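Heads up, the thing below is written out as structure tokens.
The values are calculated or read from the model by the stated rules, or taken from the named source; none is laboratory data. Since the model is a prediction, treat every value here as computed from it, not as a measurement. All Cβ positions, glycine included, derive from the backbone under ideal geometry; neighbour counts span all protein chains shown. In case anyone asks, the SASA skips ligands and DNA or RNA and just uses the protein heavy atoms, side chains included. Shrake-Rupley method; radii C 1.70, N 1.55, O 1.52, S 1.80 Å.
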Amino acid sequence: MEMDKTSFTEIEKRAVADELASLLPTLSPLLQPEDSSKIDQLIQTALESGIIKHNVFGLNPLIFGLQTVRIAIDEIGLKREGLLAILVYACQFCEDHSIEEINTLFGEGVSHIIHGLQRIQQLYVKSPAVESENFRNLLISFAEDMRVILIMIAERVNLMRQIRDTEHVEEKRRVSEEASYLYAPLAHKLGLYKLKSELEDLSLKYLEHDAYYMIKEKLNATKRARDAYIERFIGPVEEKLKAFGLRFHMKGRTKSIHSIWQKMKKQKCGFEGIYDLFAIRIIIDAPADKEKMQCWQAFSIITDMYQPNPKRMRDWLSVPKSNGYESLHITVLGPENKWVEVQIRSERMDEIAERGLAAHWRYKGVKGESGIDEWLNNIRAALESNDDLQMMDQFKMDLYEDEVFVFTPKGDLLKFPKGATVLDFAYHIHSNVGNHCVGGRINNRLVPVREPLRSGDTVEILTSNNQKPKQDWLGIVKSSRAKSKIRLALKETQVKDGLFAKEMLERRFKNRKVEMEESLLSHVIHKLGFKETRDFYKQLADEKLDPNEVIEKYIELRDHQNGNAPQVPVRSAEEFSYTAPEEALTRHGDDVLVIDEQLKGIDYQLARCCNPIYGDKIFGFVTVNGGIKVHRADCPNAPELRRRFGYRMVRAKWSGKGSSQYAITLRVVGNDDIGIVSNITNIISKDEKIVMRSINIDSHDGLFGGILVVQIDDTSRLEALIKKLRTVKGVKQVERI
């Protein structure tokens, strides 16, 4: 608020003295012995300073603070620390002294509340949309101590009382609107029903003057008749309930002016159309096991006496509301054919309702997260039981461990999960902003995309047209909204890159005057070790794969299939040796083993002595360091292991086929005929699921013996390979070793 600096007038000085004199009898018993002299000194210093900042309405903050203390004592029940904090803040003492100095003079509790009040003031400077639920939550998180909120409610009630005749129409409207949609719901949640109604009624009085006075006049005109009618209704009901032996008490209440006006607007009718201007509440004193029975008994008695309106019947006894509210509501046609709402509940149910687990706040538009509700209800319980509010210390703001609230540069308030980053914020604004985000400014400080957000921050996003989403961004963001947008952007980018790479490859083929066939290219892609075509094009787009190599491989396969392979000298098997380049060798590890019939997914190693593969009969062997080695059942070492270490052998079996490949070794023996080597290697190369690792062949006196090492999926493919190799002319024997 805009402030004017003026000196204390004599009238103001007298007003301070009068206010303090009337307050001291109530205030003194709540203070410690040394507090009175500190308060005197505090007020004297403020008066002697000669200068005081009046608020926009011209109100003197010291007088205003003393009036607020009165409300805080009478209506809220604040104790020493809260009351001292109001006075320290009112005297503008904290503007000239640090929190540490206040701590030394008045104690940690007072300085903590003052700090909360200062933080709230800073929050208001941002001029956010205070009607939002997010602002209420941020307000509470900034307050840290619930007494700060209680003081703010007391101040707003006081302010609303003081501004009746102000000339500052726009400011009056603003504070009235805030009182209506921010402070009144908070007061209601805290069980400060009287203050809540006063805030709502004063807001209506200032914002909709004619409506307020119209309803007030009609209520005044009908008050005597209404009270008499309530007595006429209650009398016979009391007699009947007592005759049935029920213990109970009854009370009637008239709706507030604000709630009547809300109902008139909702039902689009005049004052006379509101037939439930008041309600009768019957509260039954019943033991826990007879509560419902006696409530229904009372219900039966009343509906026998008066005609009920079935459309207005509400049974929250059989199925309580989600907030725990239990009650029977029925509207009946009373004497003189007037409709009367009757609420029936037990003492326990009434206590729960009065403590705010219900109190109608949910269906009257006061919403909030369950955490905030529970916390505020705990505070209300402390107030209503008149506990010393020292216990408020346990309600420090641990409420928002899972949420942060931040501002846009325009002052809009947004909520994010705790740990959310600048990148989350960017994607919340728009997908395009997120996709091109290069960093941000938090409170005008440059930060990277991974900078975490903190409650109260003002965040601005910086973008660049050259920026693109990255895979590691998925690890930076916390909100599911941002994650899904990044995944979508990555997918779109991959598709675009894939199309670009495909077009580029087609151009290269065209430049080389090589006709490209999709089926043959697909074969080349698999030969290069790619399972998915999109991964192949991604590597081309990322320039991790040379398109010229792809074309060369394509030409080689095409010529081989067409029988146009370049002529090479046909040679015998003598001293032939071949080892595949390392990049051609792939090894996966996603086949699943079950060890000892129940341990699935346990770490294990395949024994080198027998190289088991998927499909082999196997067993596990517990090594000295506790690991598991998996052997084939026909491993050469199996008999010795069984004989010496049988107690360390465990059962094992394959339980799931993945895409793992295994190195297996074959011994091939046969006649050293011309072309024997190329015949063997052709069989292996034609099977795209088999990768050649190495061949070593020795030849002597027309015979050869060779060792082949290949990468293979499982035993069925191994058996098929052995069968094919045995059909090669000149091959005598093929066996696995």
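For this structure, a couple of remarks:
- Once the Cα-Cα distance is subtracted from the 0.36 nm per residue extended length, the N466 to V650 segment shows a gain of 60.5 nm.
- Rough spin-label spacing in nm, given labels placed 7 Å along Cα→Cβ, for E532 and K223: 7.6
- Shape call, segment 148-240: gyration tensor on alpha carbons, a/c limit 1.5: oblate
- Cα pair distances of segment 202-335 binned at 5 Å [whole percent]: 2, 8, 16, 19, 18, 14, 11, 7, 3, 1, 0
- Accessible area per residue for segment 287-346, computed on protein heavy atoms with a 1.4 Å probe, is 49 Å².
- Backbone geometry of segment 726-737 corresponds, through the Karplus equation with coefficients 6.51, -1.76 and 1.60 at θ = phi - 60°, to 3J(HN,Hα) couplings of 5, 8, 5, 4, x, 7, 9, 8, 9, 8, 7, 10 Hz, x marking Gly and Pro.
- Normalised by residue number, the volume inside the convex hull of the Cα atoms of segment 203-271 is 111 Å³ per residue.
- The order of D698, D40, D714 by accessible area, most exposed first and with a 1.4 Å probe, is D698, D40, D714.
- For segment 28-106: rounded, prolate or oblate by the Cα gyration tensor [a/c cutoff 1.5]: oblate
- Heavy-atom surface of segment 675-737, accessible at 1.4 Å and reported per residue (Å²): 50
- Separation of alpha-carbon centers, segment 647-701 and segment 178-236, rounded to whole Å: 91
- Segment 420-531 - Kirkwood radius from inverse mean 1/r over Cα pairs (Å): 16.4
- Expressed as a whole percent, the accessible surface of segment 5-123 that belongs to carbon and sulfur atoms is 52, based on a 1.4 Å probe.
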